[in-house]
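Peer 1: Shown below is the structure under consideration.
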Amino acid sequence: MDTQGILLISHGQFEKEFLENIANDVAREFLLPVSIENSNINLDAFYDSARRQYDGNRLLKHTELASPSPFLIKIGLFRVDLFIPILTYIFGQATLNGNAGIASLYRLKNELYGMEKDNELLVGRFKKVIIHELGHTFGLLHCHTPTCVMRSSTYVEDLDQKSSHFCTKCRDEIERLKSGF
């Protein structure tokens, strides 16, 4: 498959430097080119007023169906509170072996938990969510290695305990899976 790598689609007011920082780290982790695109979709259609959150399943589907692109994988980046019906909230979601994922900054902010604002920690958490979800698009399942980025993360503390890198086993699997594209 002829591909141009990974596309980060910004669905919010993200600073250019912030997105470039994330794109560089994602490119280093996957050894693929990463591009950034801004989107101006109206998120009102994805809002569930009963939950006062945005429907992650519908946003993922929208990202999957977004205009055809030469990119192998697209991931939508948001600043809104996401949910799926079986969970109170999610940090991100992706289609296993698919071409799309989503990630949100909303639940990653220290201020939400009564702690002091920490931009460096926020960026680190967001990178981990993005890399984790991209790992799923390549076919990786959750890993049991404590520091692997593919370890499941239900709470921000889980994100803080793992690295933004794949363990050796997951790294080898990513390389094997990439060679099949």
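What follows is calculated from the coordinates using simple rules that are stated; it is not laboratory data. What you are looking at is a predicted structure, and each value in this text was computed from that prediction instead of being measured. Virtual Cβ from ideal backbone geometry, glycine too; neighbours counted across all protein chains shown.
Peer 1: Quick one: putting +1 on the C-beta of Lys and Arg, -1 on the C-beta of Asp and Glu, what dipole do you get for the stretch 100-145 around its Cα centre, in Debye to the nearest 20? Provide the component values of the computation, followed by the final result.
Peer 2: Numbers: 6 positive and 5 negative charges, 17 e Å.
That gives the stretch 100-145 a dipole magnitude of about 80 debye.
Peer 1: Another question, then. Among the trypsin sites (Lys or Arg not before Pro) within the stretch 52-90, which fall in a DSSP loop and have no more than 12 other Cβ atoms within 10 Å of their own Cβ?
Peer 2: Those that pass, being in a loop and sparsely packed, are Arg52.
Peer 1: Using only helices, what value at 222 nm comes out for the chain when you add -39,500 (n - 2.57) per DSSP H run of length 4 or more and divide by the total residues, to the nearest 500 deg cm²/dmol? Provide the component values of the computation, followed by the final result.
Peer 2: Details: 5 runs with 62 residues, N = 181.
Result for the chain, helices only: -10500 deg cm²/dmol.
Peer 1: Also, quick follow-up: About the Cα centre, and with charges only on the beta carbon of Lys, Arg (+1) and Asp, Glu (-1), how big is the dipole of the stretch 94-181? Nearest 20 debye, please. Intermediate results must be reported in sequence, preceding the final value.
Peer 2: Numbers: 12 positive and 11 negative charges, 47 e Å.
Once rounded to the nearest 20, the dipole reads 220 debye.
Peer 1: By count of other Cβ within 10 Å, fewest leading, how are Val26, Val80 ordered?
Peer 2: Numbers: Val26 21, Val80 17.
Neighbour counts put them in this order, fewest first: Val80, Val26.
Peer 1: R0 = 30 Å: FRET efficiency of Tyr47 with Ser163, Cβ-based, nearest 0.05? Walk me through the intermediate numbers first.
Peer 2: Working: r = 34 Å, r/R0 = 1.13.
Efficiency at R0 = 30 Å is approximately 0.35.
Peer 1: Sticking with this structure for a sec: Quick check on the exposure proxy: order Tyr54, Tyr113 from fewest to most C-beta atoms within 10 angstrom. Don't jump to the answer; show the numbers that get you there.
Peer 2: Values: Tyr54 22, Tyr113 11.
So the ranking, lowest neighbour count to highest, is Tyr113, Tyr54.
Peer 1: Which one, Asn97, Phe83, Ile41, projects farthest toward the positive side of the charge dipole computed for the stretch 6-179 from Cβ point charges (K/R +1, D/E -1)?
Peer 2: Asn97
Peer 1: Continuing with the same structure: In which sequence would His132, His11, His62, His144 go, from the one with the fewest C-beta neighbours within 10 Å to the one with the most? Mind showing how you got there, number by number?
Peer 2: Numbers: His132 27, His11 22, His62 19, His144 10.
Listing His132, His11, His62, His144 from fewest to most nearby Cβ atoms yields His144, His62, His11, His132.
Peer 1: I'd like the FRET efficiency for Lys61 and Tyr155, computed as 1/(1 + (r/R0)^6) with the beta carbon distance as r and R0 of 30 Å, rounded to 0.05. List each step's numbers first, then the result.
Peer 2: Working: r = 26 Å, r/R0 = 0.87.
The formula returns an efficiency of 0.70 here.
Peer 1: Using the Cα centre as the reference, give the magnitude of the dipole from point charges on the C-beta atoms of the chain (Lys, Arg: +1; Asp, Glu: -1; all else neutral), rounded to the nearest 20 debye. Walk me through the numbers before you get to the answer.
Peer 2: Values: 20 positive and 23 negative charges, 65 e Å.
So the magnitude is around 320 debye.
Peer 1: Assuming R0 = 35 Å, can you tell me the calculated FRET efficiency for the pair Leu112 and Arg176, based on Cβ-Cβ distance, to the nearest 0.05? Each step should come with its number before you reach the end.
Peer 2: Numbers: r = 38 Å, r/R0 = 1.08.
Computed FRET efficiency for Leu112 and Arg176: 0.40.
Peer 1: Which length gain, in nm to one decimal place, applies between Glu37 and His142 when the Cα-Cα distance is subtracted from 0.36 nm times their residue separation? Can you show the working numbers first?
Peer 2: Working: separation 105, 0.36 × 105 = 37.80 nm, distance 2.82 nm.
Here the answer is 35.0 nm.
Peer 1: Among all cysteines in the chain, which have no other cysteine Cβ under 4.7 Å from their own Cβ?
Peer 2: Cys170, each lacking another Cys Cβ under 4.7 Å.
Peer 1: Further question: If the limit is 23 Å between Cα atoms, which of Lys128/Lys169; Lys16/Lys74; Lys74/Lys117; Lys127/Lys178; Lys16/Lys162 go over it?
Peer 2: Details: Lys128/Lys169 17 Å; Lys16/Lys74 18 Å; Lys74/Lys117 29 Å; Lys127/Lys178 20 Å; Lys16/Lys162 26 Å.
Going by Cα-Cα distance, Lys74/Lys117; Lys16/Lys162 fall outside the 23 Å limit.
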